[in-house]
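All remarks here apply to the structure that follows.
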Amino acid sequence: MEQLLNKFQQIAAEPLKTAQYWKEKTGKKVVGCMGLYVTEEIFHAAGLLPVVILEKDSPILRAQAHVQSYMCGYIRSVTDQALAGDLDFIDCIISHDCCHTIRMTTEIIKRNATGIKDIQPIFLPVTIKKAESWTYTLQELSFLIEKAEKLAARSITEDDLMQSIQTYNKHRRLLKRLYQLRRDKPGIISARQVSNIVKASMLMPKEEHNAMLEPLLEAMENKTVEANNKIPVIVSGSLCETCDEYVLDILEEVGGVVVDDDLYVGSRYFATEVDESLSPLTALALAYVNMVPPCPTRHDPDNKLSDYLINMAERARAKGIISVIVKFCEAHYYSYLTFRRGIKEFNIPEYLIETEHEGVSPAQVKTRLQSFIESIRG
């Protein structure tokens, strides 16, 4: 079990290295998924490797001349990686236009990062419960199929798409088993280790990740965990990027234990399965329109974040909710106000932590989280 966890950690620590090695080994192309909700199954069906482009921990240097300092850390970091040449090995970047800032970033990269071979925005609908939204989603996914076929120099059949959907669904079910074990056995695995596992899944072929997950889950199912008096909590937030590991580490250091999460590099990535009984294109479009987790970047009045997190907390028997908002993420801040109003009627404590690419004091975060955990314990 420890050997597998260390392997996931190594992959997560060097996000681009695994994809570069895969490209050298196979001679096939890599597609970078920038932002949210790029339909990876389409590129997988073409024999390409879709990887999620994530924020990097290193200081932001080159992007300062192109991107304002009040943009979120994800935008500034991805722009910096593109300008530094870190993403040059990627054959095509698909940029989901999920906020105004990422739209601007796509154009900045296109104009200034000369090593980027191809960067293509896609425009999935924000308001999803309309007939027009359904039609438009089908059109955009059809465009992605054409793009993938051009990159791979081959056609994609319905059987290709269905096989990819089945591979990805298997992957989602394995990760859901991991999360169920975490709920059933609090403390069996740390929040950082879970983050590494999900992050690694974004950076490597799903078949390989599935093959690593299966023995890990078997080992976890046979492992017992001693009872402890830690406070079970869930963590929500960090759109587009990895939740800062120091937040997760501190939370567990001060007496909490993460029993579930609503993070992008977490349950959001695999929560929505694709219906295998429908035609592949229809099923992929429905998966976007009927996405399980409520998202601040989409308008769906029938799917409220407050209800979703309360149900998650009840299922995991959590006693508190930690909201993690990346500084300058407008969509999340607006959504958070509605969430706070909606959660007031439920008797569960909630606390907000703001993070930033640079300039956040872990000592202050520790003091605040310690106070929150102790208030629940008291």
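The values are calculated or read from the model by the stated rules, or taken from the named source; none is laboratory data. Just so it is clear, the model here is predicted, and its values are computed rather than measured. We place every Cβ from the backbone using ideal geometry, glycine too, and count neighbours over all the protein chains shown.
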Members of the stretch 86-142 found to be more than 20 Å from VAL30 (Cα to Cα) and aromatic (Phe, Trp, Tyr), listed by number: PHE123, TRP134, TYR136
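Okay, residues lined up against (1) touching a residue at least 24 places away in the same chain (Cβ under 8 Å); (2) under 20 Å from LEU239 (Cβ atoms):
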residue	(1), (2)
GLY32	yes, yes
TYR37	yes, yes
HIS44	yes, no
TYR70	yes, yes
ILE75	yes, yes
ASP80	yes, yes
LYS110	no, no
Selection status of TYR351, assigned to a helix (DSSP H, G or I), closer than 25 Å to GLY187 by Cβ and either of a type in the set (Ser, Thr, Tyr) or in contact with a strand residue (DSSP E or B) (Cβ under 7 Å, 6 or more places away or on another chain) (or both): no
Residues of the stretch 216-240 satisfying the condition of being farther than 29 Å from LEU337 by Cα, of a type in the set (Gly, Ala, Ser) and not in a helix (DSSP H, G or I): ALA227
Residue that is nearest to MET312 (Cα to Cα), among those in the stretch 162-188 that are assigned to a helix (DSSP H, G or I), basic (Lys, Arg) and out of contact with any Leu (no Cβ under 7 Å at 6 or more places or on another chain): ARG183
Complete set of residues in the stretch 300-314 that are acidic (Asp, Glu) and in contact (Cβ under 8 Å) with a residue 24 or more places away in the chain: ASP300, ASP302, ASP307
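Residue-by-condition table, conditions (1) at pLDDT 95 or above; (2) crowded, with 22+ Cβ neighbours inside 10 Å:
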residue: GLU208; (1), (2): yes, no
residue: MET212; (1), (2): yes, no
residue: ASN222; (1), (2): no, no
residue: CYS240; (1), (2): no, yes
residue: GLY256; (1), (2): yes, yes
residue: VAL259; (1), (2): yes, yes
residue: VAL274; (1), (2): yes, yes
residue: LEU284; (1), (2): yes, yes
Residue in the stretch 12-28 that is in a strand (DSSP E or B) and touching a residue at least 60 places away in the same chain (Cβ under 8 Å) present: no
Of residues in the stretch 342-378 being at pLDDT 90 or above and of a type in the set (D, E, K, R), the one surrounded by the most Cβ atoms within 10 Å (Cβ to Cβ): GLU350
Any hit, the stretch 28-42, residues being buried (at least 16 other Cβ atoms within 10 Å of the Cβ), over 16 Å from the mean Cα position of the chain (by Cα) and either closer than 25 Å to ARG192 by Cβ or among the aromatic types (Phe, Trp, Tyr) (or both): no
Residue satisfying condition, being loosely packed, with under 15 Cβ neighbours inside 10 Å and either in contact with a Ser or Thr (Cβ under 7 Å, 6 or more places away or on another chain) or at pLDDT 90 or above (or both), within set THR137, THR79, THR106, THR127: THR127
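For (1) aliphatic (A, V, I, L, M); (2) touching a helix residue (DSSP H, G or I) at 6+ places or on another chain (Cβ under 6 Å); (3) within 18 Å of VAL233 (Cβ to Cβ); (4) surrounded by fewer than 17 Cβ atoms within 10 Å (Cβ to Cβ), each residue gets a yes or a no:
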site: ALA287; (1), (2), (3), (4): yes, no, no, no
site: MET291; (1), (2), (3), (4): yes, no, no, no
site: ALA313; (1), (2), (3), (4): yes, no, yes, no
site: ARG317; (1), (2), (3), (4): no, no, yes, yes
site: CYS329; (1), (2), (3), (4): no, no, no, no
